[in-house]
1. Taking other Cβ within 10 Å of each residue's Cβ, how do 166, 43 sort, fewest first?
2. Which of 65, 73, 192 comes first, and how do the rest follow, when ranked by fewest Cβ neighbours within 10 Å?
3. List 40, 102 from most exposed to least, where exposure is judged by having the fewest other Cβ atoms within 10 Å.
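Taken together, the values in this text are just the output of simple stated rules run on the coordinates, not laboratory data. Just so you know, these numbers come straight off a predicted model, no measurement behind them. Note that each Cβ is placed from the backbone with ideal geometry, even for glycine, and that neighbours are counted across all protein chains shown.
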């Protein structure tokens, strides 16, 4: 799960200015094309939208999987991390954890096409571990120290908890439009399972 992430998302050190601009255009174009076409997007369409030759794309990215990995890593670094960091900055420890989990679910679900493409290439867990878990782990530790979160919850549980809610949203594409509050219901149920309680039993050992 903690496999090394690729280093292709940001402009590589030492790239010429024109090469950096090309890479940024390629990543922006790839994200737009993935959103429109899904995991089976055409790399040629990325090149056309970016205004570069197909060879230029392949000089920077070996293939579709490398391109998806770079786009997803950029999304995690530039969007997800700041969102989750801001959400978990709440002064109340429990609210910080709840806000962080909700913010993660919302942003991932809003980028479902990119998530699906990354999932199909086995890249989601890498980006999740790197971009989501660190701030959420800190929030979890705060909530546990305050006695608000169950002490047997582990940071390695967090990606799976997020995936459970997101999977529900992706499994039913019209869930948000048909029943706007439905996914929040599932998130609330999940959060209740994370609360410290004298009633519930201990979680099975990892």
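1. Working: 166 21, 43 17.
Starting with the residue having the fewest Cβ neighbours, the order is 43, 166.
2. On the way: 65 16, 73 23, 192 10.
In order of increasing Cβ crowding within 10 Å: 192, 65, 73.
3. On the way: 40 9, 102 19.
By the 10 Å Cβ count, ascending, the order reads 40, 102.
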